[in-house]
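Undergrad: Pasting a structure here, questions to come.
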Amino acid sequence: MSRNSRRSREARLRMTLYSDQSGEPAVKADGPLRRGVFLVPATITSIGLLSGFYSMVSAVSGHFEVAAVMIVIAFVCDGLDGRIARASRTSSQFGVEYDSLSDVVAFGVAPAMLVYAWALKPIGSLGIGVTGLFVICAALRLARFNVQTATADKSRFVGLPVPGAAIMISGLALAYSYFELDSPRTLCTIMVPITLALGGLMISRVPYPSFKTMKLEKRAQVELVIMMMVAAAMLFAMPQLTAFLLSTAYVLSGPWLMLRGERLSAKVPVLRPVVAADKSHETNGKAREPDSARITRSLREHPPAQR
């Protein structure tokens, strides 16, 4: 077999044909294109992670408005990477774990540093404790989300999502800059309970609406389209104030759902022991031989009959 024919055969093996639901043949690439598609969601997640890191650097340097904008950029990236992964069918366990680790930095540590440097630095160790609780609540919320992903209701979040709490803090910082306020004592007094409340809502069982099940290709009501157009116009004309209003509306949507009659989300056990697939020890305390080694030893002691 010549080299060219071998290469063409390998290329045909890498490109497999399958039929979609409409019956028309489609091409599934198992080469550089497929790896490139997987790279797109990871790249967007990395941009969000770097935005969170730059937000922390800006907060330490005293550029609070830039730090808030970086959290907003991380929020946009967090919404894009998941949708692109689902649309391109490139979702993977690696992507889920990487996105969760990125969220801890971008929506846990970065907002906490922004709150401390912007509002809670005058109270010293008390401010460190308040922002530290916020980081812990964010990490616990993400861990609980990862455990309950398979059994959770797709139309509701259990507790305030971590990006929602982060964008609320970012919106407060942007609104403070928009109105050109200058009252450090009042700011510190207000941000302590707000930060604690956001941390409590994250680990609570208050139901929050989820937009992951929203289908953009389906028809929407005229009122919803008008509201989205008004929000887009406000975001273009007054981005700082609009970010604050939208984030506040989402944070209050959970308590509003409860006032309308929705109950707290059911408790789901999260502290379950990890059960190994194969026990490494027998009941008498002796170490059990691995299956592969046991099969090899059996074949060596009892070779198959030659025909």
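Since every read-out is calculated from the coordinates, none of them should be taken as a lab result. Nothing here was measured: the structure is a model prediction, and the numbers come from that model. Every residue, glycine among them, receives a Cβ derived from its backbone with ideal geometry; neighbour counts consider all protein chains shown.
Undergrad: Using modelled amide H (1.01 Å from N, peptide plane; none on Pro or chain starts), what sits under 5 Å from the amide H of Arg156, excluding residues fewer than 5 places away?
TA: Close amide H contacts, sequence-distant or interchain: Ser210.
Undergrad: Say R0 is 51 Å: what FRET efficiency, to the nearest 0.05, do Ile128 and Met228 get from their beta-carbon distance?
TA: After rounding, the FRET efficiency stands at 0.80.
Undergrad: Sticking with this one: Counting other Cβ atoms within 10 Å, keep those with at most 10, restrict to DSSP loop, and tell me which trypsin sites (Lys or Arg not before Pro) in the range 97-189 are left.
TA: Filter output for the range 97-189: Lys154.
Undergrad: If packing is taken as the average count of other Cβ atoms within 10 Å, what order do 171-180, 227-236 fall into, highest mean first?
TA: Descending mean neighbour count gives 171-180, 227-236.
Undergrad: Here's something else I'd like to know. Go ahead and run the numbers for FRET between His63 and Thr43, Cβ-Cβ distance against an R0 of 35 Å, rounding to 0.05.
TA: E(calc), rounded to 0.05, equals 0.85.
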